[in-house]
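Okay, structure first, notes after.
All of the numbers you see were taken from the coordinates with simple rules; none came from a lab. Computed from a predicted model, the values in this text were never measured in an experiment. Quick reminder, even Gly has a Cβ in these numbers, built from the backbone with ideal geometry, and neighbours come from all protein chains shown.
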DNA sequence: GTAATTTGCCTAAAGGCATTAGGCAGCCGC
DNA sequence: GCGGCTGCCTAATGCCTTTAGGCAAATTAC
């Protein structure tokens, strides 16, 4: 019985690819075993269970996303940073729909705390350094930005903005303009 | 063999309740059969298959949501309308998390076109009548509002804003203020 | 009021995914 | 080259989906 060289690492990466190909919720231990041409039970030496697999894919996606965002943010500030950051999310979701869906996977608090989720929040806050916001407005703005980015990307990927004018790209640009304006003129209480 | 009186209607409604109790993706033909104390196969006279069930729950949720929104909008304009509309989404998602998740279920284009989805878009546009926007800015704004509402509600229900100050309710109010400000000062190209 | 028909729920069966237990063979250190 | 660890296997169970075919209850027809 030839040994294929399964590892948790390789399984996670393959799982992420699988997610991009067939959708995150179609990612299954069985499908993954098929992809390695190996019996299903063999995976259970490397994965606790199906949820473990999904969690690992989610963590991978969060890391990748955070890395890309950190890259994009380097050397930028203000609207430039805002747009770069936003585009990272949108582009990632378009390139890797399955991974993006994975990044939304509900993690238990323990795992979430140890994930790259914190980096995302930190980076969003960093963007706001280019604007003149103090607490608690900064937190409100962080939540707004998170909502817009996630909301837009998820509606877009659900096909919400296709087949209707104007172009989604156009709306995206104008929405980033609008957010920039809003952050520069954040209304007081 | 006593007849229980299954109908597609009743199954759909029970499915929606089940979704709220255990989560939309835990809604299963088997669980529904259990709830009616009936054998699984019996449901297949009333439902084409599992996806059919989920689609029906999704359509139900979209209708309910549109009805509530229409109610909330009646007699309101401007920021008042904006806030009322937004609160409908947020409250619905909190009251009926399973149904709200169902409303996000990906429908095939045919079904989507026949759904209450169009009413939602129309109502969002109606809100913007209280602001001074013309095409294509109106469409950009519709997309922004959809993104914020959906994004915020979905992040909030994923637990994103709990366990951290300030209160989510506070952020929500301030974000609605900010959107109102933005719509009244929408930046030109 | 009963016969005929429709139809609702059933039993049976096959196929898929998740998960666990226990076995054998390949690779490692010696 | 021998013993042990570890990786992948077979086997088995349980739950979910879906289809085919049957019987009895409700409905209609007389």
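Observations on the model:
- Among B:54, B:39, B:79, residue whose mean-square fluctuation peaks in a GNM of chain B (springs only between Cα atoms under 10 Å): B:39
- Acute angle (nearest 10 degrees) that the helix A:50-73 long axis makes with the longest principal axis of chain A, alpha-carbon atoms: 40 degrees
- Residue-averaged [θ]222 nm for chain B, counting only DSSP H segments that reach four residues, each worth -39500 (n - 2.57): -21500 deg cm²/dmol
- Residue order, fewest to most beta carbons within 10 Å, for B:135, B:63: B:135, B:63
- The GNM of chain B, with springs linking C-alpha atoms under 10 angstrom apart, assigns the highest mean-square fluctuation among B:37, B:177, B:67 to B:37.
- Label 7 Å beyond Cα on the Cβ vector: residue A:39 copy-to-copy distances, nm: 3.4
- GNM result for chain B, Cα springs below 10 Å: residue of B:44, B:100, B:89 fluctuating most strongly: B:44
- Between helix A:137-157 and chain A: long-axis angle, C-alpha atoms, 0 to 90°, nearest 10: 50 degrees
- Inter-part distance, segment B:126-177 to segment B:28-106, computed on C-alpha centroids, equals 21 Å.
- The long axis of helix A:8-22 is offset from the longest Cα principal axis of chain A by roughly 70 degrees.
- Ranked for footprinting exposure by Cβ neighbours inside 10 Å, fewest first, A:161, B:105 give B:105, A:161.
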